[in-house]
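Report on one structure; see the data block that follows.
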Amino acid sequence: MSSVYHSRLRQIPSEDFEEPCEPLGTSGGTAAFYALRYRHGKQPAGIPRDFYIGKDVAHASDELDFYARLREAVKESDSWAAFGRMAMACPGLVRLECVNAKTQLRTKRLLLLLENLRQGFEHMRLLDVKLGAETSVACWKGKSRLNAWKNACVDQRTNSAVEGFRLEGIELPPRSLEKRISEVLQSKSLTTTKYISPKVIRRFTLQRLRAVDFLESWLDVSHLGLGAEPHAQKAALGAFEQMRLLLSAVFALDVPQQWIGSSVALAMEVGSFAIQPHVAVKVFDWGRAELNTASVFNSLPLEERESRTRFWKQYLQSLARMYWELGRMVAHRCCCPAWSVLVLELRAFAPAVLRAALLGESLATTQETFGMGLFQMSAEGGRGEISLPLLGTAQQETLLGSLRLRISVPPQGVGTCSVECSNSPLT
């Protein structure tokens, strides 16, 4: 690690913080994070004592140059200042005594101070979404050809190849997503167990989710009970506005950047109902990113400028697609003045994880059952029953039976709809 990085980032006195620093759990990644807390009266004016966390520089040395350049750029350009507000704040470096999560031994570690996303949340649900159709480049920022090939295999088998981004991790997932992952784990064969561990299967399942699936899971706060839907809608609107600010800031940058494997975090409060729930959207993970100014970019050889332009287009496309997917959800979920029809669709499938991981095929189904029904809603609300015909695979279209559903709808469609099954033809 070059001493230049140290000189360009401010050195924070260790006396400003309490010691030792306890380790923090994360949803992904290899770097260790530590909880930091200013001593009484030592924190800068206007910020809480736990406003920052520490990232072990031993696994974050490549990020030092990016944050040092960003610190300089925000002072010289309004466009970079706007982008800087959407990135995690980084005041500098500090050396503190830290507790090893495995051995519980205490050692002095050099930490990169980063904004604590958990600050201000009671219970934070966090999405870690990796941006870009290609998340690694051989011989770029220390990435070997072998590791780049491994990353390319993951890109081709996950949502990165479909929508240009993928879910890397989620903190405090809803019961619905946990149940979905549990079903995948329970359905794996002995062959799958031999080649792929449950931890890898779980992560691979998340990485293959489409945006509509993981955004719905992010907004699933049904555990809050009455008021859950207004809470989710306000959170979606808040995230949509912050994504707009992020996208505007990125499009305003004057030259292409090469930000490989960086991520965007979407965080929301899920601990209790709020009229205006706390939401945060931040970009992070700059280990394989290069911050370019106009003078630096124009001095590069033509081949390197073309490379940065190519990957910059991927970054913009993935961020714009995320914004569009979130906007589509906001339009469908938050902007309808009244509901007229309740559409129910049922699909049962058994995922083939091993085949998808090794061959890149989609999550196939050994038995697929379709059923769709419509329930006409009225302004007065009411109760009723519908029958869903259950068909086999699309090739055979065999009638397997029917599913009888009792439905209760509140007046004006405002409130909670209840659906009960009166028979169970599928076992």
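Axis angle, to the nearest 10 degrees, between helix 175-187 and the longest C-alpha principal axis of the chain: 80 degrees. Taking every alpha-carbon pair in segment 124-334 and binning the separations at 5 Å intervals from zero gives 1, 7, 14, 17, 17, 15, 12, 8, 5, 3, 1, 0 percent. Packing, taken as the mean count of other beta carbons within 10 Å per residue, orders the peptides 373-380, 281-288, 238-245 from highest to lowest as 281-288, 238-245, 373-380.
Are any of the pairs K130/K179; K234/K282; K108/K282; K150/K179 more than 20 Å apart by Cα-Cα distance, and if so, which?
Numbers: K130/K179 24 Å; K234/K282 18 Å; K108/K282 29 Å; K150/K179 29 Å.
The pairs that break the limit, which is 20 Å between Cα atoms, are K130/K179; K108/K282; K150/K179.
Placing a pseudo-label 7 Å from each Cα along the Cα-to-Cβ vector at H40 and S387 gives an inter-label distance of 7.4 nm.
Taking the Cα centre of the chain as reference, the dipole from Cβ charges on Lys and Arg (+1) and Asp and Glu (-1) amounts to some 860 debye.
A value for semi-axes √(5λ) of the Cα gyration tensor in Å was derived from the coordinates, and within the list [x] 33, 27, 22; [y] 39, 28, 20; [z] 42, 26, 23 it appears as [z].
Can you order the peptides 111-117, 171-177 by their average number of other Cβ atoms within 10 Å per residue, highest first?
On the way: 111-117: 22.0, 171-177: 16.7.
Averaged packing, sorted descending, gives the order 111-117, 171-177.
Ignoring everything except DSSP H segments at least 4 long, calculate the 222 nm mean residue ellipticity for the chain; use -39,500 (n - 2.57) per segment, divide by total residues, nearest 500. Mind showing how you got there, number by number?
On the way: 13 runs with 154 residues, N = 427.
Value at 222 nm, helices only: -11000 deg cm²/dmol.
Here's the picture: a label point sits 7 Å out from the Cα of E241 along the beta-carbon direction, and within segment 265-286 the residues with their amide nitrogen under 14 Å of it are 275-281.
If neighbour count is taken as other Cβ atoms inside 10 Å, put R37, R305, R166 in order from fewest to most. Write out the running numbers ahead of the final one.
On the way: R37 19, R305 16, R166 29.
Going from sparsest to densest Cβ surroundings: R305, R37, R166.
Cβ neighbours within 10 Å, averaged per peptide: list 40-49, 328-337 in order, most packed at the top.
Averaged packing, sorted descending, gives the order 328-337, 40-49.
Just so you know, all these numbers are worked out from the coordinates, no wet-lab data involved. Everything quoted here is computed from the prediction, not taken from an experiment. For neighbour counting, all protein chains shown are included, and Cβ atoms are generated from backbone atoms with ideal geometry for every residue, glycine included.
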